[in-house]
Structures are given as C-alpha cells and as structure tokens.
Amino acid sequence: MYVAVKGGEQAIDAAHRLLAEERRGDRSVPSLTLAQIAEQLTLAVDRVMNEGSLHDRELAALAIQQARGDLIEAIFLIRAARTTLPRFGYSEPLETRRMRVKRRVSAAFKDIPGGQILGPTFDYTHRLLDFSLAAGLEPPEAAVAPTGLSTDMPRVLELLDSEGLIEKPSQEQGEPGDLTQDPLSFPADRDLRLQNLARGDEGFLLSLAYSTQRGYGRTHPFAGEIRVGMVEVSFTPEELGFAIVIGEITVTECEMINQFKGSAMVKPQFTRGYGLCFGQSERKAMSMALVDRSLRSGELGEERIAPAQDEEFVLSHSDNVQATGFVEHLKLPHYVDFQSELVMLRRMRAEASGDGQTLKAAE
Amino acid sequence: MIPIAPNEGHTGRAAWMRILSLADWRDLEQLAAHYAATPHVMLRPPEAGLVMLRGRMGSTGAAFNLGEATATRCAVRLADGAEGHAYVMGRNAAHAKLAAVLDALLQTAERGQEVRERVIDPLAHRLTQSNVAAAAKAAATKVDFFTMVRGDV
C-alpha cells in the first residue's frame, strides 16, 4: 500500500531542472525541432500515436522529445494530453479498400490483381549500418514509374471469399464498444478486443504473436495481405447532417489467413485475423492480427490452453501505460508500508526463536 | 481532377469541404489568405477536439474503435447570412477558420464561382498532382517474384 508523503519540493524542483538540462544534452549541439522528429523519426512517431491512441504527429513528436526518446513515457504524455480535449464524435469507418496504396504485399499469392508493391520497406535490406547517413549525405531521389498504380486494388482475401474458401468478416451491427468511455469487462467482444490491441504495447503483442508461432496456441497463419497507404477520414458533424472528409492518414492493415475450420453445417474454410494501425506499423499490425485470431479461439471452438488465447490475460496486460504505472510506482516512497513489514518480520523471527529478549528488542 | 459541382445540394459542398480539409496549409494560405479578412461573425471560434476513428474487422465487417485523432472545428456567418463550417484534422486553428470562411463564400452566388476558380480548383489540382507523384514512386517498387522448384538455386 502506498501512503502519501509530503515535503521535498525543493529537491523535486531541482531534479526536474536537472532532467531538463540532461534532456537538452550538449548545448553546443543544435536542439532537435519537432519537424525533424515528425519527418525523420516517423516510425517512432507512429508508435507513439498508436499506443497513445491519438493521431497527431506534432503532439507525438513533442512527447518523444520531452520524454528523451523514451517511447513509453511519450505514450503516457499523449494519453494525458488527450484527456484535455473534448470529443466531437465518431468517424465513419475507414475505407481501407479505397486506400492510396504505398505498399501492398501478399505472402499467400504471388500474382495478385494490382500487383505486389514493396513500397518503403526494411525487407530485403542487408541490415548493414549505413555510414553515408553518419556522413550526412543526402539520399538519391526515389525511382518513378511511368504509370501510377491502379486506384482499385481488390483485396486479396476477396479472391478466397469469392470461392467461399474463407469465412466472411464478422458483420454484427450496432454501436461498437468504446474503452475510453466504459472500462473493460469480461468476456469482451471482438470490437473491444481490437480496440485494446490497437492501443496495446507493440513488444507485448509481438511476444504473444511469436508464442503462437512457437506452438502456444498455433493458428497456422499466412500473411494474406499487408497494405500501407493513405485513407481519407470521414465524419458527420451533427450540425451539418452529412459526412465530410476532414483529413487523411496513413494506416497499416494486415489480414491474416489462418487454419481452417468446419462443422456439420459449414464446409471447411480458412479463418481470419485482423490488424489495423496508424502510420507504417507492420510489426504491430501483424502481431495484432495474430493475437486477434488467437483470441477468437473460444468463438471458433478451439481448446484454450495458451496465454495468447486467454483474453483476460492478454487484454489486462497489453496497456503499457497501466503496466508501467503499476511497476514503476514501486520506486515511490513505501516507507510506512515497509516499516510495518519490518516489525512483523522481526516479531515472527523472535517468536520462532522463542527468545523474549529479542522480541522486546524488536519492539 | 475531382469534379466540384456548383452547389449540388450536399454533394457539391462536401466535395469542396474535402478539398479544404485535405489541402496542405501552406498551399491554402498562399492561395486564400486574403479571404480570411472577409467580414464575418464567429458562430464557433476555432476549437480543438477529438474524433474517434473507426475501422472495420477484416476491412469490410463490423466496426470497431481504432483510436482518436485531433481535429479543429470552426463556424462563421457572413454579412449576407451564409454560414460556413469546417472540421479539419490536426490543431491548426487558422486552417479551420479560413476553411470555414471559404465554405461560407462558396455558398454565395456572388463570390462562389470566384473562390472555386481561385482556390478550390488549384488546390484540387495540387492534391491530384501530389497523389499521382506518390503513386508513381510506389509503382516503381512493383515486384514480380518467381517461384523456383525446390532444389533450384
């Protein structure tokens, strides 16, 4: 139990000034600008927006700078910032089919209508350090094709769907649940699970996804389609009564094709796992899709034996702001609590040795 | 280019509001900054807030809440009574205000055509150009994989 302490204001103030100085680093080195962070540490910004559950590149860049690059601290700052803003409402669901694709690959089909588009990827790089960056050299310009891309790229999973080889996406109607309005309770429906995973810690989801591949709740996944690109955001303001586009954002979407399932009523068909994230966040989107599928094990009548299939375990521990809050609070003063433990331990030891002298000394 | 129909009910208006929101602020400012001085009453001064963005399971299934985004809204009324509204992602108050004034002007008989020609059409053109350029770069990374028979190298 934590008992409040008081005092120490001067020391705390000095500690924060020292923090500010350390954050600034060597003053002979120019300070970072938010534009530099937003433009050049784009994937860190994407991660902070995802787990902070707030799309705003500039705020995420500020949080990263303020947190000295500690992304979980930055995410914490973003979560706090969002509570200061009023909620205008809910957007129309993003139409990822109409995405302006920057990258789109399928590991299941080689030839897909619209083609495989590698886009800006770390895949197939040699992971050798590039000292031309250290030398401050400007990169060459990107290659340009004479023709653009088809704006209509059919979804890879639609190819399977047209033959009935994959289950239909869940079609429940009604207002989706919102974790920012109502606390999570169990059992949680898939809408709430996906919202939780979308803001969940990338490392935690990555490890859970990896555990399913290593046999803890195997789902036999194939990356049916991964796409990265821009989608428009539509919103219907009450005072207008019709939907308007209010901006566009980059998102990453992953559709996994998983092991089949059939019953007396339904012929065997592949099952689905789904991941959707802000920015270019492929590792996160893929992990999300794998964990989404694992958490559907109950609904699909599979035995629930592995951690990644246990929704209470996954959803209760995915949030790194909650996790870091509870772990890190251990370093705050627990003096009163610890004193009572000390007294109890001394008494128990004295009783165990049956020595009245020690007991007296302990008290 | 995105066709902008003159005041075709909500369709025309939604189309120009889309362009005003998607426009890069520097472009909008360059093309339309002088319209900000159009006399108007603030019905709602620029206000930053949140919109919860939604996705769909399997991209076409049931909706779920993905995460929030910042947005700024503004509403103005011109001297002739035309009301302009704007909702723009991000926290740029000047962008939302200018978009609201332009939305109002676009609904007026006298200035609508002028604003369409001087602001909306060029913005739509720039958006198309930048989308085409991005698509050409992506298209250059289109790949053809060849599957080899096992044992081939």
Open item on the list: For the protein assembly as shown, compute Rg over Rh where Rg is the Cα radius of gyration and Rh is the Kirkwood radius from the inverse mean 1/r over Cα pairs.
Closed with: 1.04
TODO: Using only alpha carbon positions, build the gyration tensor of the stretch A:266-345, then give the equivalent ellipsoid semi-axes as the square roots of 5 times its eigenvalues, largest first, whole angstrom.
DONE: 40, 19, 6
Open item on the list: Give the separation of the Cα centroids, the stretch A:236-293 to the stretch A:7-41, in Å.
Closed with: 39
Task: the protein assembly as shown, dipole about Cα centre (Lys/Arg Cβ +1, Asp/Glu Cβ -1), debye to the nearest 20 - done: 500
TODO: In debye, nearest 20, what is the charge dipole magnitude of the stretch B:43-144 about its Cα centre with +1 on Lys and Arg Cβ and -1 on Asp and Glu Cβ, if you could check?
DONE: 320
- [ ] Mind putting together the pair-distance distribution for the stretch B:51-153? All Cα pairs, 10 Å bins, whole percent per bin, short to long.
- [x] 12, 21, 27, 21, 9, 5, 3, 1
- [ ] Name the residue, out of A:R68, A:R23, A:R227, whose mean-square fluctuation peaks in a Gaussian network model built on chain A with Cα pairs under 10 Å.
- [x] A:R23
- [ ] Give the carbon-plus-sulfur fraction of the accessible surface of chain A in %, rounded to a whole number; probe 1.4 Å, heavy atoms of protein chains only.
- [x] 56
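Determine the share of the stretch B:30-153's accessible area contributed by carbon and sulfur atoms, expressed in whole percent, with a 1.4 angstrom probe.
That share works out to 54 percent.
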Open item on the list: If I take all pairs of Cα atoms in the stretch A:29-132, what percentage of them are more than 19 Å from each other?
Closed with: 62
Open item on the list: If I take every Cα pair under 8 Å that is 6 or more residues apart in the stretch A:213-363, average their sequence separation and divide by the length, what percent do I get for the relative contact order?
Closed with: 16
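Which value, in debye to the nearest 20, gives the size of the charge dipole of the stretch A:203-333 about its Cα centre, when Lys and Arg are +1 and Asp and Glu are -1 at the Cβ?
680
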- [ ] Using a 10 Å cut-off on Cβ to Cβ distances, tally the other chain neighbours for every residue of A:102-110 and report the average as a whole number.
- [x] 2
TODO: Using only protein heavy atoms and a 1.4 angstrom probe, determine the accessible area buried between A and B, summed over both sides, in Å² to the nearest 100.
DONE: 5700
- [ ] Step through the residues of the stretch B:64-76 one at a time and calculate ³J(HN,Hα) from phi using the Karplus curve (6.51 cos²θ - 1.76 cosθ + 1.60, θ = phi - 60°), rounding each to whole Hz and writing x for Gly and Pro.
- [x] 9, 8, 8, x, 8, 9, 6, 8, 10, 10, 7, 9, 9
Open item on the list: Residue by residue through A:152-159, how many Cβ atoms from other chains fall within 10 Å of the Cβ on average?
Closed with: 1
Open item on the list: For chain B, set up a GNM with springs between Cα atoms under 10 Å and report which of B:D80, B:D103, B:D121 has the largest fluctuation.
Closed with: B:D80
Task: For the stretch A:130-244, fraction of C-alpha pairs farther apart than 24 Å, in % - done: 61
TODO: Would you mind getting the Kirkwood hydrodynamic radius of the stretch A:190-294 from its Cα pairs, rounded to one decimal in Å?
DONE: 15.1
- [ ] Highest first, please rank the peptides A:295-301, A:229-235, A:80-86 by the mean number of other Cβ atoms sitting within 10 Å of their residues.
- [x] A:229-235, A:295-301, A:80-86
TODO: Any chance you could get the radius of gyration and Dmax over the Cα atoms of the stretch A:1-90, in Å?
DONE: 15.8, 46
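How much net charge surrounds B:V51 when only other residues with a Cβ under 14 Å from its Cβ are counted (Lys, Arg +1; Asp, Glu -1)? If you can, show how the numbers build up before the last one.
Numbers: positive: A:R82, A:R87, B:R54, B:R73, B:R91; negative: A:D56, A:E92, A:D178, A:E232, A:E238, A:E248, B:E47, B:E68.
That sum, taken over residues with Cβ under 14 Å, equals -3.
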Open item on the list: Exceeding 32 Å between C-alpha atoms, which entries from my cross-link table qualify? They are A:K284/B:K142; A:K261/A:K284; A:K6/A:K284; A:K168/A:K284; A:K110/A:K267; A:K110/A:K261.
Closed with: A:K6/A:K284
TODO: Assign one of three labels to the stretch A:177-232, namely rounded, prolate or oblate, based on the Cα gyration tensor with a ≥ b ≥ c the square roots of its eigenvalues; rounded applies when a/c is under 1.5, prolate when it is not and a/b is larger than b/c, and oblate otherwise.
DONE: oblate
TODO: May I ask you to give the solvent-accessible area per residue for chain A, in square angstrom, as obtained with a 1.4 angstrom probe?
DONE: 57
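The values are calculated or read from the model by the stated rules, or taken from the named source; none is laboratory data. All figures in this text were calculated on a predicted structure; none of them were measured in a lab. Virtual Cβ from ideal backbone geometry, glycine too; neighbours counted across all protein chains shown. These accessible areas exclude ligands, DNA and RNA; they are computed on the full protein's heavy atoms, side chains included. Shrake-Rupley method; radii C 1.70, N 1.55, O 1.52, S 1.80 Å.
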